[in-house]
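One structure is given below, encoded as structure tokens.
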Amino acid sequence: MLGVQLAELLDGAPSGVGEALDLVTGFDDALVHGFARLGEERAAALAALAGALVASPLGGPAGEAAGKIAAGSIAEEHLTALAGGRAALFGAVHDALLGRLDTALGRTRVPWEEPVPPVSSAAGAENLLGGCRSWLHELAITGWRGVDHDLVSASGQAIEALLAEPGLRRLAVLLDGLAAELRASCPVEAADRLPARRWADLWTRALLLSQPGGRYGGPGAAGTVSGRLLILGVDVHEHDTAVQMQVHGILEPGGGMPSRLVRTSVAAAKVDTIVGPSLWRLLSGFPVLLGALAEHRSLDVTDLPLLGSGDLVWHDDRARAGEPVDPFAAARVQLAGALAPAVPPLDRHPVRIAEPVLVEGYTATTGKDSAAVTLNLDGNTLTVDTDRLPACGPLTPALVAASSACIGLIRWDGGQWMLQPLGVQATVKRKAVEAHNGDWALGPTDPKAAKAEARAGDAVAVLRERAGRLLRK
């Protein structure tokens, strides 16, 4: 990522982005207080959002919905129209930002194509989806400030029924997460600050996914692929009850097809006491992938399903470890020319932008807070998102500050572009070192981290043994 590219990227937000986000903020504020008691200012905010869509196919339904809700008539189709309008505004912002990023990087992106045949509905899905929409309807009427334990508990039956259907689990997990956050915040009315944007995002996505005939199972498969996978790095998504390792890489397909950027993910359930390097033990069922991360090896993959979103559905038994490959060498040679994946319609949201890049030749500086790191390249400054550095790998803010090259994900967060490191090349005590998030996939290689994990004991093994004992009883 050269200085001129960085300058083009950081030269302000595209035209209209601020105005579109202000419209969304108005909608989100109305959702905080509930559509049953809008008032003039919040009714005007809904009308303004609908007005921004007047030239689109959503203009008519959104305008009617804003008027009806302001008059006190709140029907399911009105909420759906406004949720669609909110998602469309975020989609426009996403496209403007991603377009600027692709232009700055000279990156070519595959256009989105609807999967064929369409995703089929699960048996009895319409009734289950109706129950889901009913709960979301009550949330919108009540508003976040009015949520109590009774309203949160009302989601339990619908979520349990959705979880029982494999084709609906994507939606079920989303709803379960929203309900858990609301439950943890009850009574919401007493909270000083609310994650209004996040909760509105979850509400919107759930309502759109639960529409009759919707693609609640996710983007369909575009086919299967075989070839060589060069791993660039791994992004760790950790929560109290789950962990996901999202691997970013370059796929060299067979048959002379062009290289393309891909992602693949593996996940596991967890409890909040399992943290740090112990997280990798939860994924012991994927030894080939973990070995490739720890040993920096390529992977020869055969017939892996490829989704239209550019995600590979991982099957460890369809992969074989190849020769060692330096992620930085792979990035320097192939990253610029690899085709970027299309973005599914419902994934078009600025927060979901996470594009792999190589940045080098910079000077890293730290602020008063030693965890605050910025990269200076040819007079341009890029903030490093050190909050996303995982505790299960060797990367630290100090190591990033000592680096001269970084493979990372460019993200749009808090109104600015930020870099999330996946791996760095640095000089520590006059010695060249290289560190990546996945280096400890087979166990910590740092002696201090290994001793700390040994002292803590194998929490995963202990919990599995206790769980087995309970099941035997």
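Quick note: the coordinates plus some simple rules give every number you see, no bench work behind them. As the structure is a prediction and not an experimental result, all values here were calculated from the model. Here the Cβ positions follow ideal geometry from the backbone for every residue, glycine too, while neighbour counts run over all protein chains shown.
If each of Ala164 and His149 carries a label point 7 Å out from its Cα toward its Cβ, how far apart are those two points in nm?
Each label point is offset 7 Å from its Cα along the Cβ direction, giving 2.6 nm.
Hey, with R₀ at 45 Å, roughly what FRET efficiency would Ala336 and Asp369 work out to, going by the Cβ-Cβ distance, to 0.05?
Values: r = 34 Å, r/R0 = 0.75.
Efficiency for this residue pair is about 0.85.
Which of the listed residues, Leu97, Phe35, Thr381, is farthest toward the dipole's positive end in the chain, when Lys, Arg count +1 and Asp, Glu count -1 at the beta-carbon?
Result: Thr381.
Aspartates and glutamates within cross-link reach of Lys68: Cα-Cα under 17 Å, excluding same-chain residues under 8 positions apart?
Filter leaves Glu40, Glu41, Glu76, Glu77, Glu138.
Let me check the size of the stretch 221-337 from its C-alpha atoms; what are the radius of gyration and Dmax in Å?
14.3, 47
Under a straight-distance cross-link criterion of Cα-Cα below 19 Å, which lysines are reachable from Lys429, leaving out those fewer than 8 residues away in the same chain?
The qualifying lysines are Lys448.
Among the aspartates and glutamates, which have Cα under 17 Å from the Cα of Lys431 when same-chain residues fewer than 8 positions away are ignored?
Correct list for Lys431: Asp446.
In nm, to one decimal, how far is the Thr302 label point from the His33 one, both placed 7 Å along Cα→Cβ?
A separation of 6.3 nm, rounded to one decimal place.
With everything on Cα atoms, drop me the angle between helix 196-209 and the longest principal axis of the chain, reported from 0 to 90° to the nearest 10.
Long axis of 196-209 versus the principal axis of the chain: about 80 degrees.
Hey, could you grab the Kirkwood Rh for the stretch 289-336? Inverse mean 1/r over distinct alpha carbon pairs, Å, one decimal. List each step's numbers first, then the result.
Details: mean 1/r = 0.0840 Å⁻¹.
For the stretch 289-336, the Kirkwood estimate is 11.9 Å.
Rg and Dmax in Å for the stretch 1-106, alpha carbons only: what are they?
16.6, 55
Rg and Dmax of the stretch 345-440, Cα atoms, in Å?
Here Rg and the maximum Cα pair distance are 13.4, 48 Å.
For every helix of n ≥ 4 consecutive DSSP H residues, a contribution of -39,500 (n - 2.57) applies; sum these over the chain, divide by its total residues, and give [θ] at 222 nm rounded to the nearest 500 deg cm²/dmol.
Only helices count here, giving -12500 deg cm²/dmol.
Taking the 0 to 90 degree range and rounding to the nearest ten, how far is the long axis of helix 76-105 tilted relative to the main principal axis of the chain, both from C-alpha atoms?
30
When the label point is put 7 Å from the Cα of Val110 along its Cα-to-beta-carbon vector, which residues of the stretch 262-280 have a backbone N closer than 12 Å?
The answer is 262-263.
Give me log10 I(q)/I(0) at q = 0.12 Å⁻¹ for the chain, Debye formula, one equal scatterer per alpha-carbon, no solvent.
-1.22
What percentage of all Cα-Cα pairs in the stretch 116-218 are separated by more than 19 Å?
39
Multiply the residue separation of Ser284 and Ala48 by 0.36 nm, subtract the distance between their alpha-carbon atoms, and state the gained length in nm to one decimal.
79.8 nm
What FRET efficiency do you get for Asp317 and Glu40 if R0 is 60 Å and r is their Cβ-Cβ distance, rounded to the nearest 0.05?
0.45
Between Glu295 and Gln211, what FRET efficiency follows from the Cβ-Cβ distance if R0 is 56 Å, with the result rounded to 0.05?
It comes out at approximately 0.80.
Quick check: the angle from helix 169-185's long axis to the longest principal axis of the chain, C-alpha only, nearest 10 degrees?
For helix 169-185, the angle is close to 80 degrees.
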